[in-house]
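Shown next, in structure tokens, is the structure this report addresses.
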Amino acid sequence: GILRRVPTTMSYQGRLYPTLPMAVALADGTVTPAGILSRGVKRGGTLVPLDDQGRVLLGWRGDVGTFRTFPSWEILRAYGRIIRGEAPEIGPETFRDKVVFIGATATGAYEFRSTPLSNVFPGVEVNAVALDTLSAGDPVWRLPAPARWGLVVCLAILAGISASFFPTFVGIPSVFLG
């Protein structure tokens, strides 16, 4: 299926452990242990909601590449240049005070997920999106069921009213569909 939520904790031998994005949020102080509640993760004055299975709804900021990535060979080459006293293409300041996730993006690594934005979204970037959702302070909220149904009914009524004002456009698809 399409990945829309990720877990914030995993159970192992009867104990709960934070997933990588939650562990990073705890380690950098964005989230405190006291801020982890059954209904959400409190970050300052903002509550990032969790579903009944403890998963966070991801706040996608864009397609693949929204978060800056570097191939490992570029990092290793830059490190080699620093060791030799040469100027690197990627300086250490690029990573200063940043969270860095390391992961595979090669096709054969099977680390891709289907998301609402792409069928081939690297798993390492999913972790970055999850951390961003937990720490950004602008969480995604799911509409309650009555509000979703109300929206569907309103859109259906609006479509019916629009069709009655523009009967010509309603007849056009029947010509092409047979």
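The values are calculated or read from the model by the stated rules, or taken from the named source; none is laboratory data. Every value quoted in this text rests on a predicted model; they were computed, and no experiment measured them. Cβ placement follows ideal geometry from the backbone for every residue including glycine, while neighbour counts extend to all protein chains displayed. To get the accessible areas, we keep the full protein, side chains included, count just its heavy atoms, and leave off ligands, DNA and RNA. Shrake-Rupley method; radii C 1.70, N 1.55, O 1.52, S 1.80 Å.
Segment 2-34 and segment 93-154 have Cα centres separated by 15 Å.
Rolling a 1.4 Å probe across all protein chains gives Met10 an accessible area of roughly 110 Å².
Among Val99, Val129, Val140, the residue with the largest mean-square fluctuation in a Gaussian network model of the chain, with springs joining Cα atoms closer than 10 Å, is Val99.
Loop-resident GluC sites (Glu not before Pro) (DSSP state other than H, G, I, E or B) in segment 48-143 with no more than 14 further Cβ atoms inside 10 Å of their Cβ: Glu86, Glu89.
Once all protein chains are placed together, Val153 keeps about 80 Å² accessible to a 1.4 angstrom probe. Charging the Cβ of each Asp and Glu at -1 and of each Lys and Arg at +1, and nothing else, the dipole of segment 7-87 about its Cα centre rounds to 140 debye.
Considering only Ala136, Ala23, Ala106, the Gaussian network model of the chain with Cα springs below 10 Å gives its largest mean-square fluctuation to Ala106.
With a simple spin-label model that places each label point 7 Å from the Cα along the Cα-to-Cβ direction, the separation between Thr32 and Val100 comes to 3.0 nm. Converting phi to 3J(HN,Hα) with the Karplus coefficients 6.51, -1.76 and 1.60 and the offset θ = phi - 60°, segment 137-143 yields x, 10, x, 8, 10, 8, 5 Hz in sequence order, with x at every glycine or proline.
Its residue count N sets the reference 2.2 N^0.38 Å, and the alpha-carbon radius of gyration of segment 106-156 equals 1.64 times that reference.
Compared with the dominant principal axis of the Cα atoms in the chain, helix 72-83 is inclined by about 30°. The dipole here belongs to the chain: it is taken about the Cα centre, uses +1 on the Cβ of Lys and Arg and -1 on the Cβ of Asp and Glu, and is about 360 debye.
With the gyration tensor restricted to C-alpha atoms of segment 44-99, the semi-axes of the equivalent ellipsoid amount to 37, 13, 10 Å, longest first.
Classify segment 1-48 as rounded, prolate or oblate from the Cα gyration tensor: take a ≥ b ≥ c as the square roots of its eigenvalues, call it rounded if a/c is under 1.5, otherwise prolate when a/b beats b/c and oblate if not. Could you put the intermediate results ahead of the total?
Numbers: a/c = 1.66, a/b = 1.22, b/c = 1.36.
Here segment 1-48 falls in the oblate category.
What label, among [x] 17.7; [y] 20.0; [z] 16.5, belongs to Kirkwood radius over Cα pairs in Å computed from the structure on display? Label [y] holds the value from this structure. Sequentially through segment 23-29, phi angles give Karplus couplings (6.51, -1.76, 1.60; θ = phi - 60°) of 4, 5, 4, 5, 5, 8, x Hz, Gly and Pro residues having no value and appearing as x.
Neighbours of Val99 by Cβ distance under 12 Å: Lys/Arg scored +1, Asp/Glu scored -1, total 0. 3J(HN,Hα) couplings calculated from phi for segment 89-96 with the Karplus curve 6.51 cos²θ - 1.76 cosθ + 1.60 (θ = phi - 60°) are, in sequence order, 5, 10, x, x, 5, 4, 9, 4 Hz; Gly and Pro show x.
Remark: accessible surface ordering of Thr30, Thr66 (largest first) is Thr66, Thr30, probe radius 1.4 Å.
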